1. Taking the Cβ of GLY103 as the centre, find all other residues whose Cβ is under 11 Å away and add up their charges (Lys, Arg: +1; Asp, Glu: -1).
2. Could you check the simple spin-label distance between ASP10 and ARG84, using points 7 Å along Cα→Cβ, in nm with one decimal?
3. Starting from the 7 Å offset along Cα-to-Cβ, what nm value, one decimal, do you get for the label separation of VAL143 and VAL58?
4. Note down the accessible area of GLU80, probe 1.4 Å, to the nearest 10 Å².
5. Using a Förster distance of 45 Å, how high is the FRET efficiency between VAL94 and ARG46, based on the Cβ-Cβ distance and rounded to 0.05?
6. With a point put 7 Å past each Cα toward its Cβ, work out how far ALA77 is from ARG136 in nm, to one decimal.
7. When you have a sec, figure out the Kirkwood radius of the stretch 51-138 from all distinct Cα pair distances and drop it here in Å to one decimal?
Amino acid sequence: MPDINQLITDWGYAGIFLVVILGNIGVPVPEETVLAVAGYLVWSGRLQLLPVLIVALVSAVAGDNFGYWLGRRYGRAAVERYARWLLKPARVVVAESFVSRYGALAVCVARFVGGFRFLAGPLAGAVGLPFRSFLRGNLLGAVLFVPYAVGIGYAIGYGLGPYMAHVQHALGGIGHMVLLLAIVVVIVMVAWRTIIRIVRLGVIRAIRTRLRRRHDHSA
C-alpha cells in the first residue's frame with residue numbers, strides 16, 4: 001500500500017488514473033485510500049481539485065465498463081473462479097445475488113463497499129445485466145463515490161494539517177506518510193463497516209420480503 005500511495009505522490013494524475021482504472025477492471029487495489037491521499041495532496045497544494053476529480057471519474061467509469069466487458073466475454077464461471085481467490089464463496093454468492101436482483105442500484109452501491117467494488121463490473125457483465133442499466137449505475141456510483149473519497153483526504157488535511165506538519169518536521173516525510181495512511185485507513189474502515197451493515201440489512205429485508213410473498217402465494 002505505501003508503494004501505491006507513493007506512486008500517487010510521484011506520478012500525480014497519471015498514478016491516480018492507473019490505480020483507479022485497475023481497481024475498476026477487477027484488480028483489488030486500495031482505490032479508496034489512493035483517492036483519499038489524492039484529496040490530501042489537493043489540500044496541500046500539490047494537486048488541483050478539478051483535474052483530480054476528472055481523472056478519477058473518467059478512469060472509474062472506463063475501468064468499470066472494461067470490467068463489465070470482461071464479465072460478458074468470459075462468463076459467470078470465470079468471474080466466480082477469479083473472485084473466490086479473493087473472497088469467501090458465500091460473499092461471492094451474496095454479491096452475485098445482489099447484482100442480479102438490484103441491477104443498476106447494486107452497481108452504484110458497490111462503489112462504497114470495498115470487497116465488492118472491484119467485482120461489480122465483471123459480475124454485472126457475467127450475470128447479463130443490460131449495458132444501459134449497468135452504465136446508469138456505473139455513472140451514478142462514480143459521481144457519488146469519487147468526491148466522497150477525495151473529500152475524506154481533503155477533510156483530513158483541513159482538520160489535521162497543522163498537526164501533521166509538526167509530525168513531518170519531527171519525523172520526516174516517512175512519518176508524515178505513515179500518519180496520513182493510518183488516519184485514512186481508520187476512516188475508510190469505519191465508513192466501510194457502516195455501509196456493509198446497511199447493505200446487509202437491505203439484502204436481509206429483501207430476502208424476507210421474497211419469502212413472505214412465496215408463503216402468501218403458496219397459502
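The values are calculated or read from the model by the stated rules, or taken from the named source; none is laboratory data. Please read these numbers as outputs of a predicted model, since none were measured by experiment. Please note: Cβ atoms are built from the backbone with ideal geometry, for glycine as well, and neighbour counts cover all protein chains shown. We work out accessible area using only protein heavy atoms, side chains counted, and drop any ligands, DNA or RNA first. Shrake-Rupley method; radii C 1.70, N 1.55, O 1.52, S 1.80 Å.
1. On the way: positive: ARG101, ARG132, ARG136; negative: none.
Counting the neighbours of GLY103, the net charge comes to +3.
2. 3.8
3. Result: 1.9 nm between the two label points.
4. Accessible area of GLU80: about 40 Å².
5. Details: r = 40 Å, r/R0 = 0.88.
So the FRET efficiency works out to roughly 0.70.
6. Each label point is offset 7 Å from its Cα along the Cβ direction, giving 3.3 nm.
7. Numbers: mean 1/r = 0.0789 Å⁻¹.
Across the stretch 51-138, the inverse of the average 1/r is 12.7 Å.
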